[in-house]
Every structure is written in structure tokens, then in C-alpha cells.
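Asks: Mind having a look at this structure? Questions to follow.
The values are calculated or read from the model by the stated rules, or taken from the named source; none is laboratory data. Given the structure is predicted, the values throughout are model-derived calculations rather than measurements. Cβ sites come from the backbone with ideal geometry, for glycine too, and all protein chains shown count toward neighbours. Ligands, DNA and RNA are excluded from the accessible area calculation, which covers all protein heavy atoms including side chains. Shrake-Rupley method; radii C 1.70, N 1.55, O 1.52, S 1.80 Å.
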Amino acid sequence: KKADLILLDIEMPVLSGLKTLEKIRSNRDLADIPVIILTASADKETIVEACSLEILDYIRKPFIPADLLKRVEKAL
């Protein structure tokens, strides 16, 4: 069974979140899984690139846990 939703950070140690998202979107088995970016990165270029990869939402850290839960519930 595949995931219902992916929470993805931009800053990751081996492969950036955007590169990971590109791989997800290019995989036919994973491409339709909704992705929410959850990150401290907030520069305009990063947001635009993430949006071009069809993310569901972009949440900046630090976040309010109740807000994150509501957005996840809405996504599911």
C-alpha cells in the first residue's frame, strides 16, 4: 500500500527535499501522492520551485502543531 500523504522538508542531509519531490513526481507509482512541504526554507525561489512540482501545501517552521494537524486532516 502506498502512502496517503507525504510530509517533506526541504533541508535534508543526502538529497534535498526538492530533489526528492522531483523523484516522487517522476515515479508513476508515487506521483499522485499529495505532498506537504514542512520547512524553515522560505525564500521565494524555493517556494516557486516547490509549487511547480504540484505540492498540496507549504508550511513554514516553526509551525503551530494544531495548524499542521488541521492541514493534514484536510489533505486526507
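Asks: With springs only between Cα atoms under 10 Å, which of K44, K19, K61 fluctuates most in a Gaussian network model of the chain?
Replies: Among K44, K19, K61, the largest GNM mean-square fluctuation belongs to K44.
Asks: What figure in square angstrom, to the nearest 10, would you give for the accessible area of R60 with a 1.4 Å probe?
Replies: For R60, solvent-accessible area is about 140 Å².
Asks: Between L5 and E45, take the C-beta separation as r, use R0 = 22 Å, and let me know the FRET efficiency to the nearest 0.05.
Replies: 0.30
Asks: Could you work out which residue, out of L21, L56, L30, moves most in a Gaussian network model of the chain, that is, has the largest mean-square fluctuation with Cα springs under 10 Å?
Replies: Most flexible of the set in this elastic network: L30.
Asks: Under a 10 Å cutoff between Cα atoms, tell me which one of I55, I37, I64 has the largest fluctuation in the Gaussian network model of the chain.
Replies: Maximum among the listed residues: I64.
Asks: Okay, next question. Pop a pseudo-label 7 angstrom from the Cα along the beta-carbon direction at both M12 and R60 and give the gap in nm to one decimal.
Replies: Placing both labels 7 Å beyond Cα along the Cβ direction yields 2.3 nm.
Asks: Taking a threshold of 25 Å on the Cα-Cα distance, which of the pairs K23/K70; K1/K44; K19/K70; K1/K23; K2/K74 fall above it?
Replies: K23/K70; K1/K44; K19/K70
Asks: Follow-up question, since we're still on this one. Heavy atoms of the protein only, probe of 1.4 Å, neighbouring chains included. What is the accessible area of K70 in Å², nearest 10?
Replies: Approximately 130 Å² for this residue.
Asks: When the accessible area of segment 27-76 is computed with all protein chains present and a 1.4 Å probe, what percentage of it is carbon and sulfur?
Replies: Of the solvent-accessible surface of segment 27-76, carbon and sulfur hold 56 percent.
Asks: Per-residue accessible area for V72 at 1.4 Å probe radius, Å² rounded to 10?
Replies: 30 Å²
Asks: Under a 1.4 Å probe, what is the accessible area of the chain per residue, stated in Å²?
Replies: For the chain, the per-residue accessible area is 70 Å².
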